[in-house]
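Visitor: First the structure, which I've put down as structure tokens, then a few questions once you've had a look.
The values are calculated or read from the model by the stated rules, or taken from the named source; none is laboratory data. Predicted, not measured: the structure shown is a model, and the values here were computed from it. Here Cβ is always computed from backbone atoms with ideal geometry, including for glycine, and neighbour counts include all displayed protein chains.
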Amino acid sequence: MNELETIRHSAAHVLATALLELWPEAQFAAGPPVEQGFYYDVELPHRISPDDFAKIEEKVAAIQKARQPFVRSEVSRAEAEVLAKAGRLAALGNRPEASKFKLDILQRIPDGETISLFTNGSFVDLCAGPHVPDTGKIGAFKLTHVASAYYKGDERNPQLQRIYGIAFATQKELDEHFAMIEEAKKRDHRKLGKELQLFTFDEDVGPGLPLWLPKGGVLIEELERLAKETEFAAGYQRVRTPHIAREMLYKTSGHLPYYAESMFPPMELEEEKGGEKVVYYLKAMNCPHHHKIFGALPRSYRELPLRFAEYGTCYRYEQSGELLGLMRVRCMQMNDAHIYCTEEQFAAEFRAVNEMYLKYFKIFGIEKFRMRFSTHDPAKLGEKYVNEPELWLKTEDMVRRVLVESGIDFVEVPNEGAFYGPKIDVQVWSAIGREFTLATNQVDFAVPRRFGLEYTTSANTKETPLCIHRAPLGTHERFIGFLIEHFAGSFPTWLSPEQVRILPITEEQVPFAEELAAELRAKMIRVSVDGSREKLGAKIRLAQVEKTPYMVVLGKNEVSNGQLSVRSRKRGDVGGDLGLMDRATFLARIESEIRERSIAS
Ligand SMILES: [Zn+2]
Ligand SMILES: [Zn+2]
């Protein structure tokens, strides 16, 4: 547990203490810290509602103020059982009913393991710790919501109330957390996506299958342009593959049968060949197709590394309850590429992939990011992980070395690797501090062998290449969902669906406005003319609401002296009236901003 988790787990003990002061009969199960705070599962005839939160929090505050020390003690299994049967665990004193869940948890602790209790005041809990020194060290505490959960997640078990709370070391952090949640609601990609007309969903098309409106289509075009330029410069080659493939392909790759649940159901076709049934699947990943492209020609070491890139569309059957706007969809366009290389080339290739990430983070103003490096567990070789102990250690070591050398912030997570190699999840934080997992990289030393991929070495022998799977911009769906929140819909000029709006003050200036628009369009600048009869103030407000980066106001004077009155979209204190400029100055300004993919405006 890290420091914050320790605070939050300690807060769970204090929550239980407070609940028992109100309802001494409460029976507690598990109370772990979770990503967004902590919870404690409790069985209690009284149905806890947010109406109860104030009085619970009052009790909590008193316990915090009392600075009760958290005291650890070790007991034998027999001693712990006596306490559980006396109702004394997760309780303030002995009770008529046994502490039944704690008794069950106790009985599942393996023989030989130390059994420890933590006590604060008269509350005793079965717990491995760790905890903060005393209840005064918990800092700011707030209950958030109640849900229900079955004991151990099994619906045959009793249903419990899961009481969620959040705790931080300081009140300031807690306030910032709630302010961030409020701001995130305003920036919610589903809300802004609708207001800005970026994408939509339709019942007849199906849940989780986004339709991109023209403005969303621009975002996609611009992201692909960025990826294509960047990948071209980095020596990638573009390939194209179909959206479906025969069952055999996914059997070879190992997706079938293990991954079948996440794939759309098969299509059975009576094929030409003697009426024999042939089964096709929608592709859930691009890798198998790319492997086939590698295998399509004899390959020599001289060609390596080979880097195949494709914005490939994949289909995954997410449960309908798990679909969430653009964040969880059933159809996704992935910034995919597979790099086939020799072992000697691996470090340089992997380093280059990391550098590409850093370049993108800079372009999008992503200041906080972290790589989660997931490795294997030697005890699970042959079941959870392909049984190649030496390859695992060697590849993990190569990855670790590159991460350390490039000074990238990373955490190593044991026993979470992919089946066929170590995995790197990239977490980024949006401008308001909310975390997103954007992309996953994998090092694959097993699947190329399953596909029989090989190249001829300089010694004229055959070797299997390593394969790096990488997708720095993730999928369009998730990345755009992130960008909407990150920029609150005010995309930088190069990315904005509409870059300039021309606002003629009266109808008289409309022809001049159209002529200017044509000139901008010829330079590939996305421009529109607001020729409506609205007053100028209303036209400016509308462009501002629609987050158009530049507004050009045209009145009688501007037309006669050939000047443009330019305004930039206001974001906080930045932007507003830029005054008069001639056409050439304005064009030079906006063109360089677009070319540089500047984030400044
Ligand atoms: Zn504990
Ligand atoms: Zn892949």
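Visitor: Return a yes/no flag: does segment 518-533 have any residue that is within 19 Å of Gln197 (Cβ to Cβ), assigned to a strand (DSSP E or B) and among the small types (Gly, Ala, Ser). Talk me through it step by step, then tell me what you get.
Guide: Taking segment 518-533 first, the residues within 19 Å of Gln197 (Cβ to Cβ) are 526-530, 532.
Checking the rest, the ones that are also assigned to a strand (DSSP E or B) come to 527-529.
Filter once more, so that each one left must be among the small types (Gly, Ala, Ser): 528.
The answer is yes, given that some residue of segment 518-533 is within 19 Å of Gln197 (Cβ to Cβ), assigned to a strand (DSSP E or B) and among the small types (Gly, Ala, Ser).
Conditions (1) modelled with pLDDT of 95 or more; (2) among the small types (Gly, Ala, Ser); (3) within 27 Å of Thr144 (Cβ to Cβ); (4) within 14 Å of ligand 1 (Cβ to nearest atom), marked per residue:
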site: Phe28; (1), (2), (3), (4): yes, no, yes, yes
site: Glu35; (1), (2), (3), (4): no, no, yes, no
site: Arg67; (1), (2), (3), (4): yes, no, yes, no
site: Phe70; (1), (2), (3), (4): yes, no, yes, yes
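Visitor: Looking at segment 392-508, what strands (runs of 3 or more DSSP E) fall wholly within it and have at least 1 residues that are at pLDDT 95 or above and more than 16 Å from ligand 2 (Cβ to nearest atom)?
Guide: Numbers: elements: 410-413, 423-429, 435-444, 466-470, 500-504.
Correct list: 500-504.
Visitor: Right, here's the next one. How many of the residues in segment 550-566 are part of a strand (DSSP E or B), touching a helix residue (DSSP H, G or I) at 6+ places or on another chain (Cβ under 7 Å) and not hydrophobic (A, V, I, L, M, F, W, C)?
Guide: The qualifying residues number 2.
Visitor: If I ask for residues that are in contact with a helix residue (DSSP H, G or I) (Cβ under 9 Å, 6 or more places away or on another chain) and under 12 Å from Met263 (Cβ atoms), which ones from segment 230-248 would you list?
Guide: Correct list: Ala245 only.
Visitor: Of everything in segment 326-351, what is buried (at least 17 other Cβ atoms within 10 Å of the Cβ) and out of contact with any strand residue (DSSP E or B) (no Cβ under 9 Å at 6 or more places or on another chain)? Give them in sequence order.
Guide: The answer is Arg328, and nothing else.
Visitor: Additional query: In a helix (DSSP H, G or I), more than 19 Å from Ala12 (Cα to Cα) and assigned by TED's automatic domain parsing to the domain that holds Ala149: is that true of Val60 in this structure?
Guide: Details: in a helix (DSSP H, G or I): yes; more than 19 Å from Ala12 (Cα to Cα): no; assigned by TED's automatic domain parsing to the domain that holds Ala149: yes.
When the stated conditions are applied, Val60 does not pass them.
Visitor: Kindly indicate which of Thr252, Thr241 is within 28 Å of Gly206 (Cα to Cα) and within 16 Å of ligand 2 (Cβ to nearest atom). Steps first, answer last, please.
Guide: Numbers: Thr252 fails: within 28 Å of Gly206 (Cα to Cα).
None of the others qualify; the one that does is Thr241.
Visitor: Can you tell me which of (1) in contact (Cβ under 8 Å) with a residue 60 or more places away in the chain; (2) loosely packed, with under 14 Cβ neighbours inside 10 Å is the one Ala584 doesn't meet?
Guide: Just one mismatch for Ala584, condition (1).
Visitor: If I filter segment 250-279 down to residues being outside any strand (DSSP E or B) and among the basic types (Lys, Arg), which single residue comes out as nearest to Glu322 (Cα to Cα)? Full working, then the answer.
Guide: Here is the first cut: in segment 250-279, the residues outside any strand (DSSP E or B) are 250-266, 271-276.
Now narrow it down to the ones that are among the basic types (Lys, Arg): 251, 273.
Working: Lys251: 27, Lys273: 40 Å.
Looking at the filtered set, the residue picked out is Lys251.
Visitor: Which condition number does Ile166 fail, the rest of (1) assigned by TED's automatic domain parsing to the domain that holds Lys65; (2) within 22 Å of the chain's Cα centre (by Cα); (3) surrounded by fewer than 18 Cβ atoms within 10 Å (Cβ to Cβ); (4) not in a helix (DSSP H, G or I) being met?
Guide: Unmet for Ile166, out of (1) assigned by TED's automatic domain parsing to the domain that holds Lys65; (2) within 22 Å of the chain's Cα centre (by Cα); (3) surrounded by fewer than 18 Cβ atoms within 10 Å (Cβ to Cβ); (4) not in a helix (DSSP H, G or I): (3).
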